[in-house]
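Visitor: This is the structure I have questions about; it appears just below.
The values are calculated or read from the model by the stated rules, or taken from the named source; none is laboratory data. Please read all numbers here as calculations on a predicted model, not as lab measurements. Cβ sites come from the backbone with ideal geometry, for glycine too, and all protein chains shown count toward neighbours. All accessible areas refer to the heavy atoms of the entire protein, side chains included, with ligands and DNA or RNA removed. Shrake-Rupley method; radii C 1.70, N 1.55, O 1.52, S 1.80 Å.
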Amino acid sequence: MHKYIRLFNTIKYLKIKQVYYRLFYLSRNRYRIKTGFTYPSFSNIKVNKLNLMHSIYSYKSYLGNNSFSFLNLEKSFESIDWNYHSLGKLWTYNITYFDFLHQDNIPIEESSELIYDFINTEDLKDAKEPFPISLRGLNWIKFFTYNNIQNQKFHDYLFNDYKILMDNLEYHLLGNHLLENGYSLLFAAYYFENDEFYDKSKEILIEELNNQILEDGAHFELTPMYHQIMLFRLLDCINLVSNNTYKNKELLKFLKEKVSVMLSWLDNITYKNGDIPLLNDSAVGIAPSSQNLLEYAKKLNLEYKTISLKDSGYKKIIKDDYECIVDVGNIGPDYIPGHAHSDTFNFEVRIKDKPFIVDTGISTYESNKQRTIERSTSSHNTVKINDIEQSEVWGGFRVAKRAKISKLIEKKDYIESSHDGYKKYGITHTRKWFFSNDSIKIVDSINKSTSAIASIHFYPSITDEIIKKYLKISENYNIKEYNYCLGFNKFEKALKIEIHFEKSLEMEIMI
């Protein structure tokens, strides 16, 4: 019975559009398999010569000689298997994105040979899904433009991929997936001077950017890494529209308005040393750095005004010797919480620009035990009550019952908030933060006596002696080891403390 309740508590948040397209695509695909459907093939496609300022170099993932490294996992091929699945679907996705076309110092001839090898492969599977088509298409167009590559076979193949994308737009998922579809279609519209692609891109971008970018500039999936990625795509689109005359640059004003608030949020959430907090599904080595994005924006002559953090639920306190980011927001968005964690009242602290208390990060997108652990309440710097998750994360990218903020008070150097994640049991958890120049005091209170565990995770360089030096805690605590995620599939041992208490707990971080 529980699994049915959990499923109901998951799907009840979906939009009607998501449900419709899930059912539509499922039934259509079954029908097409039975009838032997194939897409028509278009040839001798004409392209438009674009003007583009050079964008941002990608991380090195092509190692030469048919060897690749994605998600900190390397694989060498005698003959490249573009359907290779042994390292997980996300690895397969990555090899088909062709981000490596934009890594520094890769020979043009070798890049072109990789494209030839790809398009000559029969029976491609994951590569023909709409998300990899979107990313690959945008990467190919940038590559062809930067290097003045005129190849009819490439152009025909790319155009046919975009026709497949148009037929499979990710309305069943929405969120960053549909936005990626829209970004990529804008490049296709300009490259092929195709009104069909343009009209659909314009429709998606206006609707989704209005929906997905909050008033304080955050991308609504509330994952700093995805904010960087979505901002990067938007900067590329501004690069495209501002440097070409197709459609009289009609989208430029709208895109600049959105990029302005996104730049503000990125600047706000980024630490002084340039790192981002590893909140929700954030990981290092995936998105362009904040520094590179801000420099790219400057090259595009883009400006922004600082907007205070609000709608995203994140708060940042900056003192002379420390920075602290706290999460007092709801899981979001309701209808696509796949990158959310059970982490209400989570926080990070940096002392003198160095990480001290940290989010544990993520190491996988596979629907496995590790993924469940990394999204769980006890993997974050917050409180778990009666061994029950604040929010019911499950299945890799799903959330059923979820905690919501029931009270929020903000004053100078003070934040107080309560959430209702345990209302089924008549329990309310309240956390208060008191900030001064030389300390952070945190007070947890529960409205009735019960079994609670507060977890605090430290950066790998933080020792037992340092913990004892900087922390004063009203209750006894246990020190344990945990795996701090250095990125996908990469860990380092670090220390965490677990504090058992019944009704109230006080801790103070001495700076």
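Visitor: Hey, what angle do you get for helix 16-35 against the long axis of the chain, alpha-carbon based, 0 to 90 degrees rounded to 10?
Guide: For helix 16-35, the angle is close to 40 degrees.
Visitor: Related question: Quick one: dipole size for the stretch 469-509, taken about the Cα centre, charges +1 on Lys/Arg Cβ and -1 on Asp/Glu Cβ, in debye to the nearest 20.
Guide: That gives a dipole near 200 debye.
Visitor: Which shape class, rounded, prolate or oblate, goes with the stretch 363-419 when its Cα gyration tensor gives a ≥ b ≥ c as root eigenvalues, a/c under 1.5 marks rounded, and past that a/b bigger than b/c marks prolate?
Guide: Note, shape of the stretch 363-419 comes out prolate.
Visitor: Hey, another quick one. Suppose all protein chains stay in the model; what accessible area per residue would a 1.4 Å probe give for the stretch 442-505, in Å²?
Guide: 51 Å²
Visitor: Moving on to the next point. Report ³J(HN,Hα) in whole Hz for each residue of the stretch 456-465, in order, from the Karplus equation J = 6.51 cos²θ - 1.76 cosθ + 1.60 where θ = phi - 60°; Gly and Pro get x.
Guide: Each residue's phi maps through the Karplus curve to give 10, 10, 10, 5, x, 7, 7, 9, 4, 5 Hz.
Visitor: At 1.4 Å probe radius, can you tell me the per residue accessible area of the stretch 274-332 in Å²?
Guide: Solvent-accessible surface per residue comes out at 45 Å².
Visitor: Rank 61, 31, 20 by how far each Cα sits towards the positive end of the charge dipole of the stretch 1-130 (+1 on Lys, Arg Cβ; -1 on Asp, Glu Cβ) and give me just the farthest.
Guide: Value computed over the given set: 20.
Visitor: Given all pairs of different Cα atoms, what value in angstroms does the Kirkwood hydrodynamic radius of the stretch 337-484 take?
Guide: Averaging 1/r across every pair of different Cα atoms and inverting gives 16.4 Å.
Visitor: Between residue 9 and residue 310, what FRET efficiency comes out of the Förster formula 1/(1 + (r/R0)^6) with R0 = 25 Å and r the beta carbon distance, rounded to 0.05?
Guide: After rounding to 0.05, the efficiency reads 0.35.
Visitor: Something else now. Taking the Cα centre of the chain as origin and charging only Cβ (+1 Lys, Arg; -1 Asp, Glu), how large is the dipole, in debye to the nearest 20?
Guide: It comes to approximately 1380 debye.
Visitor: Using a 1.4 angstrom probe, figure out how much accessible area the stretch 26-81 has per residue, in square angstrom, rounded to the nearest whole.
Guide: Solvent-accessible surface per residue comes out at 72 Å².
Visitor: Then there's this: If the reach is capped at under 18 angstrom between alpha carbons, list the lysines near residue 448, excluding any in the same chain fewer than eight residues apart.
Guide: 384, 407, 423, 424, 432, 503
Visitor: Place +1 on the Cβ of every Lys and Arg and -1 on the Cβ of every Asp and Glu in the chain, take the dipole about the Cα centre, and give the residue among 135, 112, 312 whose Cα lies farthest towards its positive end.
Guide: Comparing the listed Cα positions along the dipole, 312 ranks first.
Visitor: Assuming 0.36 nm per residue, please report the length gained on full extension of the stretch residue 369 to residue 424 beyond their Cα-Cα distance.
Guide: 17.2 nm
Visitor: Quick one: net charge of residue 235's neighbours, Cβ under 15 Å, K/R +1, D/E -1?
Guide: Charge balance in the 15 Å sphere: 0.
Visitor: Find the eigenvalues of the gyration tensor of the Cα atoms of the chain, then list the square roots of 5 times those eigenvalues as equivalent ellipsoid semi-axes, largest first, in whole angstrom.
Guide: 42, 25, 22
Visitor: What number comes out for the charge environment of residue 277, summing +1 per Lys or Arg and -1 per Asp or Glu over other residues with Cβ under 13 Å away?
Guide: Net charge around residue 277: -3.
Visitor: Measure nothing but the geometry: give the 0 to 90° angle between the long axis through the Cα atoms of 290-299 and the longest principal axis through the Cα atoms of the chain, rounded to 10°.
Guide: With both axes taken from Cα atoms, the answer is about 50 degrees.
Visitor: Once you put a point 7 Å from the Cα of residue 124 and another 7 Å from the Cα of residue 199, both along the Cβ direction, what distance in nm separates them?
Guide: Simple spin-label model gives 2.7 nm for this pair.
Visitor: State the percentage of accessible surface on the chain attributable to carbon and sulfur atoms; use a 1.4 Å probe and exclude ligands, DNA and RNA.
Guide: Whole-percent figure for carbon plus sulfur exposure: 49.
Visitor: Straight-line reach from residue 17: which lysines have a Cα under 22 Å away, not including same-chain ones fewer than 8 places off?
Guide: 163, 200, 202, 401
Visitor: Ignoring everything but the protein chains, give the 1.4 Å probe accessible area of residue 486 in square angstrom, nearest 10.
Guide: 50 Å²
Visitor: Nearest 10 degrees is fine. How inclined is helix 252-269 to the longest principal axis of the chain, computing both from alpha carbons?
Guide: For helix 252-269, the angle is close to 30 degrees.
Visitor: Sticking with this one: Check which residues have an amide H placed less than 5 Å from residue 406's amide H, if you skip close sequence neighbours.
Guide: Hits under the 5 Å cutoff: 418, 419, 420.
Visitor: Turning to a different aspect of this structure: Under a straight-distance cross-link criterion of Cα-Cα below 20 Å, which lysines are reachable from residue 49, leaving out those fewer than 8 residues away in the same chain?
Guide: Output for residue 49: 142, 153, 247, 249.
Visitor: For the stretch 368-511, with only Lys/Arg (+1) and Asp/Glu (-1) charged at the beta-carbon, what is the dipole magnitude about the Cα centre, in debye rounded to 20?
Guide: 560 debye
Visitor: Along the Cα→Cβ direction, 7 angstrom out, place labels at residue 450 and residue 53. What is the inter-label distance in nm?
Guide: Simple spin-label model gives 5.3 nm for this pair.
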